[in-house]
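The structure under discussion appears below in the form of structure tokens.
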Amino acid sequence: MTTVGIVTPSCQPEPARLQVGIGVLEELGFRVLLGECAFEERPHTPEEDARRGREFQEMLLNPAVDAVLCARGGYGVARLLDFVDWDRLAHVEKSFCGYSDITTLHGILARRAPGILRAYGPMAADRMMERRSPRIRQLARFLRREPMGNLLEGLAGEIRVMREGSAEGPITGGCLCLVIATLGTPYEIDTCGKILILEDINEESRRIDRYMNQLKHAGKLEGVAGVICGRTFCLPDEQEPMGSQDEILWRYLEPLGIPVVYDAPIGHVPELLTVPLDVPAALDTAASGGPSLVVDDA
């Protein structure tokens, strides 16, 4: 039986929703080990940062734990980085999943603990757990390190194609504002030759334009193999916008001449995909059955 450890590296999850998520994981056949920080309020003090960092580190080092799942995202993840002994994690081989502010942990783990198989995907207290979404099965396959196949299967009517083509390479990226926050740090995102996923939620359009412009001038759009964009970057009712979400993304991505899709259900959507990171993948935006993203077995 696969044991999943749940950590709380950022904000406190709603206790009832977390309990539902634990129940769903158990229904799927997982043994669940809950970290000590899950049900405590999260004042952002150095003492609490240290405690969260210790919980994160020890769960990954625990030999009884096969996979680690975040309880939820939210502000505060970067504050625990100074309280983790990254050298001790260098040879750990486990699965790890989360999205939103967990982008920060994906970035540093890619550099300091490459043996950890990571995914940008659901967390234990997500609403999709309450709904028993069919996409939870995709998360379960990842946690068990089972074949993932075509992540976009059955989504032809939901995903739009900006530019047709095919690309191969590892997947990287995450929440756009957190990707930008890696620039100039030791865990700065590496995009060259990779399939870049980008998503965000409820940002002013001028901020999205600023982030995309910064990615461009930082050279992070040069050499990208392909791009997959999420659905919810901009505030839907913003006054005096810089342009629509589609217009902003088109402005920066269409000139690249690479395959690009948008409206993919990644990140901040009710039912999100589980997208493994830094493993070989193949994107085909012109496939006859709709866009496909096939991930090699981890």
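Some observations on this one:
- Taking 0.36 nm per residue of separation and subtracting the Cα-Cα distance, full extension of the segment from N62 to R31 would add 9.8 nm.
- Each part gets one Cα centre, and for the range 176-243 versus the range 116-168 those centres are 20 Å apart.
- Residues T182, T45, T103, ranked from the fewest to the most other C-beta atoms within 10 Å, line up as T45, T182, T103.
- Burial order of peptide ranges 119-126, 108-115 (average beta-carbon count within 10 Å, highest first): 119-126, 108-115
- Cross-link partners of K194 among lysines (Cα-Cα below 19 Å; sequence separation of 8 or more within a chain): K216, K220
- Counting only DSSP H runs of at least 4 residues, each contributing -39500 (n - 2.57), and dividing by the residue count of the chain, the helix-based mean residue ellipticity at 222 nm comes to -7500 deg cm²/dmol.
- The chain - share of DSSP beta bridges that are antiparallel (%, nearest 5): 40 percent
- Expressed in units of 2.2 N^0.38 Å, where N is the residue count, the Cα radius of gyration of the range 3-146 is 0.95.
- Placing a pseudo-label 7 Å from each Cα along the Cα-to-Cβ vector at S288 and S166 gives an inter-label distance of 1.3 nm.
- Relative contact order [Cα under 8 Å, 6+ residues apart], the range 150-295, whole percent: 37 percent
- A full extension of the chain between M1 and D85 corresponds to an added length of 27.4 nm, given 0.36 nm per residue minus the alpha carbon distance.
- Here the mean projected area of the convex hull built on the C-alpha positions of the range 171-298 is 8.3 nm².
- Contour minus Cα-Cα distance for E271 and R144 (0.36 nm per residue): 43.7 nm
- Selection from L109, Q214, A287, by position along the positive dipole direction of the chain (Cβ): L109
Read the figures in this text as sums done on the coordinates, not as results from a lab. Not measured: the values here are computed from a predicted model. With ideal geometry, Cβ positions are generated from the backbone for all residues, glycine too; neighbour counts draw on all protein chains shown.
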